[in-house]
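The values are calculated or read from the model by the stated rules, or taken from the named source; none is laboratory data. Bear in mind the structure is a predicted one, so any value in this text is a computation, not a measurement. With ideal geometry, Cβ positions are generated from the backbone for all residues, glycine too; neighbour counts draw on all protein chains shown.
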Amino acid sequence: MVSIDHVTHKILTYIPYVLVLIDMRYEGVKCGKDGSVDNHMEMGKKLLAAGQLADALSHFHAAVDGDPKNYLAYYRRATVFLAMGKSKSALPDLSRVIELKPDFTSARLQRGNLLLKQGKLDEAESDFKKVVGTGIHLV
């Protein structure tokens, strides 16, 4: 018999990938004068989709460095960190995304999940309440 903890863990490991696939429908934020940030974002997305996490991470680092106000660069870098099992590195990026774009529900949900795993229940509850307040159904 499969335990609920095992099933929950399996589902949570796929969330970063699902969120990236959902976010791929966005064109990204146009920024930078020479388009290098856009190039890094595009390469990072392709490498992430191909499972080349370390290379994707390098491109998202470069995108963040090139445009520190690009919330999608932070979000995608956090997604790579999560896929690599580096949740402590993902948390500051998710917080920065929320700071730059407070209505970005996916980032808030991800941050809430991380805070919950770290036992920071009050902070996680706050994020979850804001997600539920947006009218998105979490089924």
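Residue check: is residue 22 modelled with pLDDT of 65 or more and either within 22 Å of residue 127 (Cβ to Cβ) or out of contact with any Ser or Thr (no Cβ under 9 Å at 6 or more places or on another chain) (or both)?
Numbers: modelled with pLDDT of 65 or more: no; either within 22 Å of residue 127 (Cβ to Cβ) or out of contact with any Ser or Thr (no Cβ under 9 Å at 6 or more places or on another chain) (or both): yes.
No; evaluated as a whole, the condition is false for this residue.
Within the stretch 92-101, is even one residue in contact with a Pro (Cβ under 8 Å, 6 or more places away or on another chain) and either touching a residue at least 40 places away in the same chain (Cβ under 8 Å) or of a type in the set (A, V, I, L, M) (or both)? Looking through the stretch 92-101, none of the residues is in contact with a Pro (Cβ under 8 Å, 6 or more places away or on another chain) and either touching a residue at least 40 places away in the same chain (Cβ under 8 Å) or of a type in the set (A, V, I, L, M) (or both).
Within the stretch 109-123, can one find any residue that is touching a Gly at 6+ places or on another chain (Cβ under 9 Å), modelled with pLDDT of 95 or more and surrounded by 23 or more Cβ atoms within 10 Å (Cβ to Cβ)? No, the stretch 109-123 contains no residue that is touching a Gly at 6+ places or on another chain (Cβ under 9 Å), modelled with pLDDT of 95 or more and surrounded by 23 or more Cβ atoms within 10 Å (Cβ to Cβ).
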